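Here the structure comes first, spelled out in structure tokens, and everything after it is commentary.
The values are calculated or read from the model by the stated rules, or taken from the named source; none is laboratory data. As the structure is a prediction and not an experimental result, all values here were calculated from the model. FYI the Cβ positions are ideal-geometry reconstructions off the backbone, even for glycines, and counts take in every protein chain you see.
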Amino acid sequence: MTPFPTSPEPFRIESVFSPRIWGVRSLAPLFPGKTNLAEPLGEAWLTGLDCKIATGPFAGKTLGAAWREMPAEWRGTKLASTANFPILVKFIFPADKLSIQVHPDDRYASVHEKAAGGRGKTEMWYVVSAEPGARLLAGLKSGVTKETFLEALAARTLEDVFESYEVRAGDTFFIPAGTPHTIGPKMVICEIQEYSDITYRVYDYDRLDAHGKPRELHIEKALEVIQFGKAHQSKIPPLSLSAKGQHRRLLCACQYFAAEWFQFSERREFPADPEHFQLLVVLSGRGNLGWPAGAAHYNAGECWMLPASLDLAALHPLQPTTVLRAYVPDIAALPKFLHHAGLTGSAISQSVFGET
């Protein structure tokens, strides 16, 4: 076994690319090496358990294996006893609509999906890019019942019972478990979610897979977990935390994850929090990542993990850089921090969601 390093250091996680029936043939500009593809790719998993570590003392190991061997102080005091890596980050590249689907919550998954890990799936989407006319569906219209939902499904008019959103680059959507949804084409999404891959498909637009067969639907389970009659505004406003000419926004926070957006053209520090590690997802730009004992180069499309016990890391951009930072927050303490930053309770409640 590799001896534990004497001092913590950031490491880069290699992406795993997944074919999807609704995917695209080019992942440029995020992944310029993935163009003219023989089969459509729909997702790039940045923190999948099978993703390989590219740099640092765990290089060559999968993220799942590295997490099990990682010193507790690298994970953070809040996550020291967490058995599995808690956050899944991915890019989604749709050339067609995804299936209309829904995810269970932890309570349902712990009973009915033990073999799949027993965890539900709450997620958020950040729109990296979008062409004019790009739309997605998230949540049901007011008054939609199970009966009207089933009638629309039988009539193939299911989209009509959904809230529909035109999307633009920079938009953020929060999709708690139990919220049915689908993403359309003409956009690239960064999805940050509770680590789970349990999806119940309700409608798949009568598509056939590579073998000429329709993909499996899970209508009975979906009807058990969809939260009929529960209103939810899926598109949420960011909270500005900008200071000293550096642009920073809290996009969304819940008990499973928080996500912040940064844009900068000069040195940007990322101080450690001993409670949790940090993930830095580079959306654009390139430059150097420095820490007390070393340095590395970063590029767009990369995901870096900063250990909780790392005193300080800083990005030194060679080009203007945009980054998403993801972490597991103290959801009870976060509103207090935001109040001290000058934000009102009503603003906070639109983007910070307490424990369920």
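Regarding segment 109-123, can at least one residue be identified that is under 23 Å from Trp22 (Cβ atoms) and in contact with a Phe, Trp or Tyr (Cβ under 7 Å, 6 or more places away or on another chain)? For segment 109-123, residues under 23 Å from Trp22 (Cβ atoms) and in contact with a Phe, Trp or Tyr (Cβ under 7 Å, 6 or more places away or on another chain): present.
Tallying residues that are more than 21 Å from Ile175 (Cβ to Cβ) and assigned to a helix (DSSP H, G or I) within segment 336-356 yields 7.
Annotation: of all residues in segment 80-98 being in contact with a strand residue (DSSP E or B) (Cβ under 9 Å, 6 or more places away or on another chain) and surrounded by fewer than 19 Cβ atoms within 10 Å (Cβ to Cβ), the one that is nearest to Gly184 (Cα to Cα) is Asp96. Among strands (runs of 3 or more DSSP E) entirely within segment 8-65, having at least 3 residues that are without any contact (Cβ under 8 Å) to a residue 60 or more places away in the chain and in contact with a Ser or Thr (Cβ under 8 Å, 6 or more places away or on another chain) singles out 41-45. Checked against (1) modelled with pLDDT under 95; (2) of a type in the set (Ser, Thr, Tyr); (3) within 19 Å of the chain's Cα centre (by Cα), Ser242 passes all but condition (3).
Being under 21 Å from Ser18 (Cβ atoms) and either without any contact (Cβ under 8 Å) to a residue 60 or more places away in the chain or not aromatic (Phe, Trp, Tyr) (or both) holds for only one residue in Val161, Val89, and it is Val89.
I need every pair where a residue in segment 333-346 that is farther than 18 Å from Asp273 by Cα has its Cβ under 7 Å from the Cβ of a residue that is modelled with pLDDT of 95 or more, sequence separation at least 6 or different chains. Cβ pairs passing all conditions: Leu343/Leu239. Count of segment 211-238 residues, restricted to those that are of a type outside the set (A, V, I, L, M, F, W, C) and more than 30 Å from Glu260 (Cβ to Cβ), is 11. The selection criterion, being charged (D, E, K, R), without any contact (Cβ under 8 Å) to a residue 24 or more places away in the chain and part of a strand (DSSP E or B), holds for Arg249.
The set of residues in segment 189-248 that are closer than 14 Å to Gln101 by Cβ and touching a Ser or Thr at 6+ places or on another chain (Cβ under 6 Å) comprises Arg201, Asp204. Looking for something in a loop (DSSP other than H, G, I, E, B), over 30 Å from Leu153 (Cα atoms) and under 22 Å from the mean Cα position of the chain (by Cα) - is there at least one such residue anywhere in segment 231-238? Yes, segment 231-238 contains at least one residue that is in a loop (DSSP other than H, G, I, E, B), over 30 Å from Leu153 (Cα atoms) and under 22 Å from the mean Cα position of the chain (by Cα). With respect to the stated conditions, Trp67 is surrounded by 18 or more Cβ atoms within 10 Å (Cβ to Cβ), of a type outside the set (S, T, N, Q) and either farther than 27 Å from Ser129 by Cα or assigned by TED's automatic domain parsing to the domain that holds Asp273 (or both). Screening Lys97 against (1) in a loop (DSSP other than H, G, I, E, B); (2) over 27 Å from Leu283 (Cα atoms); (3) among the basic types (Lys, Arg) leaves a single unmet condition, (2).
Of all the criteria given as (1) closer than 24 Å to Leu279 by Cβ; (2) under 17 Å from the mean Cα position of the chain (by Cα); (3) among the aliphatic types (A, V, I, L, M), the one not satisfied by Met70 is (2).
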